[in-house]
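Undergrad: Here it is, the structure in full.
Please treat every number below as a calculation from the coordinates, not as lab data. No experiment lies behind these values; they were computed from the predicted model shown. Don't worry about glycine lacking a Cβ; one is built from the backbone with ideal geometry, like all the others, and counts go over all protein chains shown.
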């Protein structure tokens, strides 16, 4: 797969895509919702250095791997400082909404064309963009953010394999993803959780469908530093949990694995884990047959092995953490976002924030900034995909708009220097199928 930077095409796309206005107020009437499309942002703790790409050969977990035999005694504690039980509730009138301003030559200097390809999950650090190309077999690539030549990191080891059914996550010098023989949208079959070292190109098989005894429908993982935390959910043919949910920590350097959390009953299924520094947040969903309102959000202090008491009220789901900030949407997992809860664990401030526009994805977090794709209408313009970024402390929201009825913003990631995303055709649009990978400065000048 060849990366092409076509300046003539860039100029053409510029005329219909990225002629963005200066910072102006934006009216956002509600439009029809669309199905969620997962995309994730992961904060990179250490910037990996560039190295020649050597095709990695996955290795199974070392034979010296050990698993803790005793379940930790997890207790619930009151956090310090005390998190406010009653949130500060903001209204849309409290939030200043504006668009981001970019130069006219934005596409020519900030985008690259990936021709005849469909881009799947993506991630980024301060130097590189990492993305899955969903052509068969599925491949994972790295491209410098100056849009020079891409390099292959990993190709699926399955015949007609796929890398696009699970998020791509970065931490330190590792990139984490799933290799599977399932087609898009299918959760059954064989899979492997893979971590590739971006400096050495060595790869490690953290766990597999056989070891986890689970389909991808019931599997979740997150990474921090050199440690992968993965959830084990064993279910029957009816997708009913048969063993208590548990979370394992796998050390990528020495292959040591330990049990860090286990439910005490079959009442709840652990899902949606995210880790940041010494805290692991996750969703506790009701097992099939249990009341849906029994859903809850848990925060585990990994140092003290204690659960931090959160001011949670049902419904709430899809938690995120970038310490010291934690958030979740105030609705069930497959419902649209009306508002989200945003907590600063250092100050105890608890804020309930209304969502701007009509969401097209769940809400995610980079540093202190929540972000999500949204659907808007402005004046006589048609519905389009845009990105909204919240600055909760300053009660602001910034909308990144393509300026075109034909294309919108697809998958998104944010790092300390850039917002990176791909451009996709809107339904009924006239844009060709070339995928454009783009970057924007972050924070933008008018976000200060």
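Undergrad: At 0.36 nm per residue, and after removing the present C-alpha to C-alpha distance, how many nm does the segment from residue 288 to residue 135 gain when stretched out fully?
TA: 51.5 nm
Undergrad: I need 151, 215 ordered by Cβ neighbour count within 10 Å, fewest first.
TA: By the 10 Å Cβ count, ascending: 151, 215.
Undergrad: Out of the DSSP beta bridges found with both residues in region 280-397, what percent are antiparallel (nearest 5)?
TA: 100
Undergrad: Quick one: if the Förster radius is 41 Å, what FRET efficiency do residue 265 and residue 347 give, using the C-beta to C-beta distance and rounding to 0.05?
TA: So, using R0 = 41 Å, E works out to roughly 0.75.
Undergrad: Something else now. Exposure proxy check: 242, 208, 222 ranked by fewest other beta carbons within 10 Å?
TA: 242, 208, 222
Undergrad: Please work out how much length the chain gains when fully extended from residue 332 to residue 149, using 0.36 nm per residue of separation minus the C-alpha to C-alpha distance, in nm with one decimal.
TA: 61.7 nm
Undergrad: Would you mind computing, in nm to one decimal, how far apart the modelled labels at residue 251 and residue 93 are, each placed 7 Å from Cα along Cα→Cβ?
TA: In this crude spin-label approximation the distance works out to 5.7 nm.
Undergrad: Efficiency by 1/(1 + (r/R0)^6): what FRET value for residue 305 and residue 85, r their Cβ-Cβ distance, R0 = 25 Å, to the nearest 0.05?
TA: 0.55
Undergrad: Another question, then. Taking the simple approach of a point 7 Å from Cα along Cα-to-Cβ for both residue 243 and residue 157, what is their distance in nm?
TA: Simple spin-label model gives 2.2 nm for this pair.
Undergrad: Which order do 395, 333, 373, 142 fall in if you start with the one that has the fewest other Cβ atoms within 10 Å?
TA: Fewest-to-most Cβ neighbours within 10 Å comes out as 395, 333, 142, 373.
Undergrad: Under 1.5 on a/c is rounded, so check that first for region 76-204, then, if it is not, pick prolate when a/b is larger than b/c and oblate when it is not; a ≥ b ≥ c are the square roots of the alpha carbon gyration tensor eigenvalues.
TA: In terms of gyration-tensor shape, oblate.
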